[in-house]
Amino acid sequence: MGYVQELPRSLSMITVLGLSFAIMAVPFGLSTTMAIGLTDGGPVTVLWGWCIVSLISLAIAASLAEICSVFPTSGGVYYWSHLLSKPRYAPIASWITGWLGLVGNWTVTLSINFSFALLILSAISLWNEDFVATPWQTVLCFWAVMLVCTVINIWGNKWLDKLNTICIYWTAASVLIILVTVLAKSPSSAKRSGKFVFSGYDATASGWPAGWAFFVGLLQAAYTLTGYGMVAAMCEEVQNPDREVPKAMVLSVAAAAVTGIVYLIPVLFVLPDIAILLAAPLGQPIPVLFKEVTGSPGGGFGLLFLILGIALFAGVGSLTASCRCTWAFSRDGGIPFSRVWSKVNKRYDVPVNALLLSAAVDCLLGLIYLGSSAAFNAFTGVATICLSVSYGIPILVSLLRGRKLVRNATFSLGRFGVIINVITVIWISFAIVLFTMPTAIPVTPVTMS
C-alpha cells in the first residue's frame, strides 16, 4: 500500500472480531439507549427495530468487507474513497470521508464513555432514590472514565489482544446470566404476555405521529450497530488483513444481531411499567428494571455490574479504534499539525499523541452536557450519522463506477453485490435525515438534540 510498517502485526482475526464486538457492546448499547426505543413505540420498536437494523447493518458490513479485502489499510474508508474515485475527484472524496469518519470515531467513543458514566452514576439511585447527579458530577465521572480507558490503551496495549478476546466470553456469559436471572426472579404475575413483547406499540410519549415514531426509535439499534467499520483502522496490526479483517467485520455484526435478540426478548418479558422506566434518573432505565425484577438494590447492581464490565471493554476498544483512525488520517496529512499526531511511540508501540488528541477532543465535547440535558442523544445521533455516511461514500463511489475495482475481491459479494450496495446507500441516505430528529417532541432550546 506504499506505507512503512510502523505498528506490530500482533493481532488475530478473533482479536479484531472481539474489538468490533466490544465497540458495539450490544447489551450495554441497548441498555443505555433503551429510553429511546421505549419512548418511540415500546417493544415493537425495540425488538423489531433491532431485527431490521441488524439486517441492514449486515449488508453495510458486507459491502465494506468486500472493499477492505482489496485495500486493507489503516486509512479505512477515506483511503477506499480515494482509490475508488476517479483521479479528479479522489482528493475531495477522501477528505470528506476522512473527516466524517474521524468525527464519527471521536463521537462514538464519546457517547460510549459518556453513557458509561451515566450508568455508573445511575447505579447510586438503586440505594438512594433521591440521588440525581448534577451536570458537573456527570462530566467529572465521564472524564474519569476517559482517563481509565486512555491509561489502559497506553500501558496495557500489549494485553489488548487478550482483552478483546475476553470481551467475547464476558458478553456471552453476561447475557446468559441476565436471561436466566430476570426470568427466574420475576414473578409469573408480573411477566408480560407474548402479545405485548412481539406486538406492543405505544408512541404517545414521543409526541410524533405513530408511524414516524417507529423510525425515529431506530436510533437505539442503529447507534449500537455502528462500530464494525471502525476496525478497518486495525488492518496494519493484523496478519493477512485482506482475509481476516473482512471476516471479523461481518461475523461481528452477525454475532451482535443474535446477542441482541437473546438479550432483548427476556428483558421485554419482565418489563416494568414503562412510565416508571422513562422517569429513571439520568434517562437510564436499566438499573431500575434490574432492581424491580430482582427485588433488591444488591440484586439489581449484580446484574448491572455485568453491563458495566461490557461498558469498560467498549470504552477501551472504541478509543483504540479512534486513536488508530486519528493516527492514519494524520499520516496522510488530513489533520492540522499532522506531524505531531502521526508519531508512534516506540516504547509502547502506540501512537500516543493521536490517542491523547482523541481523548482530549472527547473530554472537551463532554462539556456540552453542562448546557443541554439532551447532549447524550446528540452524541449518539452525530456518531451514527457521521459513521454511516463515511461508510456509505466508498460504497456509493464503487457502485457508480460499476464495482470494477472490487471484482477480484477475496471477500466478494458476487452477483448480489449491486443489490446489497444499493440497499446500504438508500438506508444511509434515509438515516442522515432520520437521526437528526429529536427523540421526542415538543422540544425547548435546552432539550433539543
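The values are calculated or read from the model by the stated rules, or taken from the named source; none is laboratory data. Only a predicted model underlies this, so the values are computations on that prediction, with no experimental measurement involved. Cβ coordinates were reconstructed from backbone atoms using ideal geometry, including for glycine residues, and neighbour counts include every protein chain displayed. The accessibility values were calculated without ligands, DNA or RNA, using every heavy atom of the protein model including side chains. Shrake-Rupley method; radii C 1.70, N 1.55, O 1.52, S 1.80 Å.
Residue pairs whose Cβ atoms lie under 6 Å apart, separated by 6 or more positions or on different chains, with the first residue in segment 208-230 and touching a residue at least 40 places away in the same chain (Cβ under 8 Å) and the second among the charged types (D, E, K, R) and open to solvent by less than 10 Å² (accessible area, probe 1.4 Å), are Ala213/Asp40; Val216/Asp40; Gly217/Asp40.
Among the residues of segment 304-338, which ones are open to solvent by less than 10 Å² (accessible area, probe 1.4 Å) and either without any contact (Cβ under 8 Å) to a residue 12 or more places away in the chain or charged (D, E, K, R) (or both)? If the condition is that a residue be open to solvent by less than 10 Å² (accessible area, probe 1.4 Å) and either without any contact (Cβ under 8 Å) to a residue 12 or more places away in the chain or charged (D, E, K, R) (or both), then Arg324 is the only one that fits.
Taking into account only those residues within segment 64-82 that are in contact with a Leu (Cβ under 7 Å, 6 or more places away or on another chain) and in a helix (DSSP H, G or I), which is nearest to Tyr228 (Cα to Cα)?
Pass one, segment 64-82, residues in contact with a Leu (Cβ under 7 Å, 6 or more places away or on another chain): 66, 70-71.
After this cut, where a residue has to be in a helix (DSSP H, G or I) as well, the list is 66, 70.
Working: Glu66: 13, Val70: 17 Å.
Of everything passing the filter in segment 64-82, Glu66 is nearest to Tyr228 (Cα to Cα).
Give me the residue from segment 123-177 that is outside any helix (DSSP H, G or I) and of a type in the set (Asp, Glu) and, out of that set, surrounded by the fewest Cβ atoms within 10 Å (Cβ to Cβ).
So the first thing to find is which residues in segment 123-177 are outside any helix (DSSP H, G or I), and the list is 125-134, 156.
Narrowing further to those that are of a type in the set (Asp, Glu): 129-130.
Numbers: Glu129: 12, Asp130: 6.
Among residues in segment 123-177 that are outside any helix (DSSP H, G or I) and of a type in the set (Asp, Glu), the one surrounded by the fewest Cβ atoms within 10 Å (Cβ to Cβ) is Asp130.
Listed conditions (1) open to solvent by less than 10 Å² (accessible area, probe 1.4 Å); (2) modelled with pLDDT of 95 or more are all met by Phe116, apart from (1). Taken as a whole, the condition of being of a type in the set (Gly, Ala, Ser), closer than 24 Å to Phe198 by Cα and either at pLDDT 95 or above or under 18 Å from the mean Cα position of the chain (by Cα) (or both) applies to Ser57.
Please pick out the residue among Val238, Val250, Val270 that is of a type in the set (A, V, I, L, M) and within 30 Å of Ala184 (Cα to Cα). Checking each option against the conditions leaves just Val270.
Here is a check on your reading of the model: is Ser373 among the small types (Gly, Ala, Ser) and modelled with pLDDT of 90 or more?
On the way: among the small types (Gly, Ala, Ser): yes; modelled with pLDDT of 90 or more: no.
Criteria not met by Ser373.
Out of Leu364, Leu370, one residue alone is open to solvent by 60 Å² or more (accessible area, probe 1.4 Å), touching a residue at least 40 places away in the same chain (Cβ under 8 Å) and more than 28 Å from Ile67 (Cα to Cα). It is Leu370. Scanning segment 84-102 for residues that are surrounded by 20 or more Cβ atoms within 10 Å (Cβ to Cβ) and in a helix (DSSP H, G or I) gives Leu84, Ala93, Ser94, Thr97, Gly98, Leu100, Gly101, Leu102. Of all the criteria given as (1) of a type in the set (Val, Ile, Thr); (2) more than 19 Å from Tyr228 (Cα to Cα); (3) out of contact with any Gly (no Cβ under 8 Å at 6 or more places or on another chain); (4) surrounded by 18 or more Cβ atoms within 10 Å (Cβ to Cβ), the one not satisfied by Val406 is (3). Is it fair to say Leu396 is open to solvent by less than 10 Å² (accessible area, probe 1.4 Å), of a type outside the set (Ser, Thr, Tyr), under 17 Å from Gly98 (Cα atoms) and part of a helix (DSSP H, G or I)? For Leu396, the condition - open to solvent by less than 10 Å² (accessible area, probe 1.4 Å), of a type outside the set (Ser, Thr, Tyr), under 17 Å from Gly98 (Cα atoms) and part of a helix (DSSP H, G or I) - is not met. Screening Tyr228 against (1) crowded, with 21+ Cβ neighbours inside 10 Å; (2) hydroxyl-bearing (Ser, Thr, Tyr); (3) modelled with pLDDT of 90 or more leaves a single unmet condition, (3). Put simply, of Ile265, Ile276 the only residue that is under 25 Å from Ser206 (Cα atoms), open to solvent by 50 Å² or more (accessible area, probe 1.4 Å) and either touching a Ser or Thr at 6+ places or on another chain (Cβ under 8 Å) or part of a helix (DSSP H, G or I) (or both) is Ile276.
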